[in-house]
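The values are calculated or read from the model by the stated rules, or taken from the named source; none is laboratory data. From a predicted model like this one, the values you see are computed outputs, not experimental measurements. Cβ atoms come from the backbone with ideal geometry, glycine included; neighbour counts cover every protein chain shown. Accessible surface areas use protein heavy atoms only, side chains included; no ligands, DNA or RNA. Shrake-Rupley method; radii C 1.70, N 1.55, O 1.52, S 1.80 Å.
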Amino acid sequence: MIHVDPPFDLGETLKGTDDDSNLINTHWEGAIYSFPDVDRSVGPRAGRTRRSGAAIRAVCVRNTSGGALTVAKKALKFDLSVGTRKVIGTVNGQSSAVNQFGGVGDNELTTTVADDDLFWLIVGGPAEVLYKDGESIAVGDLLITSATTGAVIEAVAGSATIGMTAAINVIGRALVAEGTTSSTTGLIQVAVNI
């Protein structure tokens with residue numbers, strides 16, 4: 001079952017430690033919620049307009065990077081060192097290698113996330129993410145993480161990421177094309193299989 005009432009909204013964080021630096025709110029790690037695709041910049045819910053009929057599917061994750069983390073519109077990687085069910089509830093940094101397992105950071109978050117605090121990682125629906133500089137991405141291209149920190153690239157046939165022996169950790173599909181001139185954020189349909 002997908003939960004109905006999230007503990008905080010997109011664009012917000014949830015405190016992850018108490019005054020003695022003990023972890024709190026651990027029961028939210030890995031919780032999945034759906035949010036409407038609305039313009040949150042206009043303020044209260046009543047004034048928000050829908051951007052599309054789609055829903056944004058997000059998982060509540062803890063920042064386990066050891067420091068403040070910039071997440072907005074970045075490709076982020078799950079903390080695979082956890083080795084338990086909590087893998088899906090933890091992120092230990094921006095992606096920094098080709099084909100890492102993760103998602104897209106909360107597009108609405110304007111601040112960094114403190115170490116051990118919780119935030120939203122988008123795993124489904126429309127979102128913006130950083131395209132790698134110099135990439136030529138067409139509408140409909142499959143996207144994966146790149147060696148450029150926090151950016152995505154096209155998953156191309158013949159690369160080390162596609163083949164009989166390698167799993168493909170797809171972030172999503174491009175909804176906006178990008179030429180090879182400069183890094184930019186592009187709108188994608190996030191489709192992380194978790």
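Overview of results
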| read-out | value |
| --- | --- |
| Carbon + sulfur, % of accessible area of the range 1-108 - ligands and nucleic acids excluded, 1.4 Å | 50 percent |
| Contour minus Cα-Cα distance for N193 and D5 (0.36 nm per residue) | 65.4 nm |
| Cα-based reach from K77 at 18 Å (exclusive), listing lysines while leaving out same-chain residues under 8 positions away | K86, K132 |
| Chymotrypsin sites (Phe, Trp or Tyr not before Pro) within the range 85-149, DSSP loop, no more than 12 other Cβ atoms inside 10 Å | none |
| Solvent-accessible surface (1.4 angstrom probe) belonging to K132, in square angstrom, nearest 10 | 60 Å² |
| Label-to-label distance, nm, for residues given as T110 and V42 (7 Å Cα→Cβ offset) | 1.7 nm |
| Low-density loop cleavage sites - trypsin sites (Lys or Arg not before Pro) in the range 6-74, where at most 15 other Cβ are within 10 Å (DSSP) | K15, R48 |
| Charge context of E135, other residues only, Cβ under 11 angstrom, K/R +1, D/E -1 | -3 |
| Estimated distance in nm for a label pair at V156 and A97, the labels positioned 7 Å out from Cα along Cα-to-Cβ | 2.1 nm |
| Sum of side-chain charges, A114 neighbourhood, beta-carbon under 12 Å (Lys, Arg +1; Asp, Glu -1) | -1 |
| Percentage, to the nearest whole number, of Cα pairs in the chain over 29 Å apart | 20 percent |
| Part-to-part distance (alpha-carbon centres) for the range 93-118 and the range 120-156, which is given in Å | 13 Å |
| Per residue accessible area in Å² of the chain, where ligands, DNA and RNA are left out and the probe is 1.4 Å | 48 Å² |
| Virtual spin-label span in nm between S136 and S52, 7 Å along Cα→Cβ | 2.5 nm |
